[in-house]
1. Quick check: is even one residue across region 15-24 crowded, with 20+ Cβ neighbours inside 10 Å and either of a type in the set (Phe, Trp, Tyr) or at pLDDT below 80 (or both)?
2. Restricting the first residue to region 3-18 and requiring it to be among the polar types (S, T, N, Q), which pairs with a second residue that is in a helix (DSSP H, G or I) and modelled with pLDDT of 80 or more meet a Cβ separation below 9 Å and a spacing of at least six or different chains?
3. Just the residues that are aromatic (Phe, Trp, Tyr) and either touching a residue at least 24 places away in the same chain (Cβ under 8 Å) or over 19 Å from Phe163 (Cα atoms) (or both), please, taken from region 58-76.
4. If a residue has to be surrounded by fewer than 18 Cβ atoms within 10 Å (Cβ to Cβ) and aromatic (Phe, Trp, Tyr) to count, how many in region 199-221 make the cut?
5. Output the residue which, of all residues in region 74-99 that are in contact with a helix residue (DSSP H, G or I) (Cβ under 7 Å, 6 or more places away or on another chain) and more than 20 Å from Ala125 (Cβ to Cβ), is modelled with the highest pLDDT.
6. Report those helices (runs of 4 or more DSSP H) wholly inside region 124-221 carrying at least 1 residues which are modelled with pLDDT of 85 or more, touching a Leu at 6+ places or on another chain (Cβ under 6 Å) and of a type outside the set (Ser, Thr, Tyr).
7. For region 100-123, which positions are surrounded by 21 or more Cβ atoms within 10 Å (Cβ to Cβ) and modelled with pLDDT of 75 or more?
Amino acid sequence: MPTINLILLYGAFMLISLSGALSPGPLTAMAISEGARAGRWSGARLALGHGLVEIPLVFGIAYGLGAWLRQPLVSGLIGLVGAGVLLWMGYGLTVGAWSGRMRLYGGEGPAPGALRFGHVPGGMALTIFNPYWAIWWASVGALYVGRVSVLDSGLLAIGGLAFTHWLTDLGWLGGLSLVAGSGSGSIGERGYRAVLLACGVFLLAFGVYMAWSGIGFLRSV
């Protein structure tokens, strides 16, 4: 019976996880732009970097990290640093697309910001410096981690919850870059640059919003 309950809980959590995975955010924007710029498997590599940060976090929450992440000071500092990262990446993507340095038929073009070190490290950076990701796990995610701990306190059960959630991220990010990469040859040079430009502008706007939110968190300390 406990095993059946765990399976049902995993299934429910996978549906809940879509609320986080499908929300507009930096990873979604980069999966689209990198799929068009660097190839259809970019999203899967971003998801791998995301998972390398996220799965250990789930185990940390199971052992009390969630309360620390909910502190306004922590959220505020993460938000400000994350805003800097997103503004840096958004600026590089926007300028590269606007100036024509990123071209569909002239090679991949330079990667924006932290992605110059690769998609896996870039996925890790975009995850770490997103305070809303941490808050989601410290609230909604922590609720399900607690339920798993009640049903089965073993590390394998908690790992199963983390892996279930990560599969939704992999499917979403991988699917976006697969579609963007497969269709990049048919959208033309202008369409390609428009996609990159739109993603760059989105990152800039999200970076400003994250900075504003980070300041708001710090003011409440």
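1. yes
2. Close Cβ pairs satisfying both conditions: Ser17/Thr164; Ser17/His165; Ser17/Trp166; Ser17/Leu167; Ser17/Thr168; Ser17/Asp169.
3. Across region 58-76, the qualifying residues are Phe59, Trp68.
4. Summing the residues that are surrounded by fewer than 18 Cβ atoms within 10 Å (Cβ to Cβ) and aromatic (Phe, Trp, Tyr) in region 199-221 gives 2.
5. Taking the candidates together, the pick is Trp98.
6. Passing ranges, in order: 155-219.
7. Selection gives His119, Gly122, Gly123.
The values are calculated or read from the model by the stated rules, or taken from the named source; none is laboratory data. Since we're looking at a predicted model, the values are computed, not measured. We place every Cβ from the backbone using ideal geometry, glycine too, and count neighbours over all the protein chains shown.
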